[in-house]
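This report concerns only the one structure given below.
Rule-based calculations on the coordinates, nothing more; no lab input. Quantities reported herein were computed from a predicted structural model and do not represent experimental measurements. Backbone-built Cβ (ideal geometry, glycine too); neighbour counts: all protein chains shown.
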């Protein structure tokens, strides 16, 4: 028996562990510097977002096991906005199902739950990134109707470049 439900505070350690599993799969385990406290703050307090409330949302797949319920997967997402549509969209940051739990429909159930949220709230888009070498993920999403945005390239400021750009911001007078 499995169910999809919103993330609860006691899920944070299991989600943190799965984030690390995902990073290892994506060949970048050293890139994870977030802590369970960071994840908890983003999901439940908003204390580090500057928004006055949580800016990250999540759903988990909870399955009944021999030792009680356990988490088999998660989806973490946040809102974006399209100036062209004049509406919010949902940006899926990560979707992960543990290797031993794949092939049971959990990933599709998470996607469908997020799609339902989009439709119910009138969101105009449901977007995410997939690594270009991750053929299983690309096949999974495309089989469900996802369309690649090949004409767009991802741009990012991080580290020293981000700090330098911020330094150039004019000081209001």
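Details
- Helix 12-25 axis, angle to the chain major axis (alpha carbon atoms, nearest 10°): 80 degrees
- Per-q log10 I(q)/I(0), region 2-167, q = 0.10, 0.11 Å⁻¹ (Debye; single scatterer per alpha-carbon; no solvent): -0.41, -0.50
- Only helices enter this figure: runs of n ≥ 4 DSSP H residues, each worth -39500 (n - 2.57), summed and divided by the residues of the chain, yield -9000 deg cm²/dmol at 222 nm to the nearest 500.
- With a simple spin-label model that places each label point 7 Å from the Cα along the Cα-to-Cβ direction, the separation between residue 17 and residue 138 comes to 3.2 nm.
- Fraction of beta bridges assigned by DSSP in the chain that are antiparallel (%, nearest 5): 90 percent
- You can think of it this way: the chain between residue 117 and residue 79 has 12.6 nm of extra reach, that is 0.36 nm per residue less the Cα-Cα gap.
- Segment residue 162-residue 147, length gained on full extension (0.36 nm per residue, minus Cα span): 2.4 nm
- The modelled label-to-label distance for the pair residue 35/residue 154, using points 7 Å beyond Cα in the direction of Cβ, is 2.6 nm.
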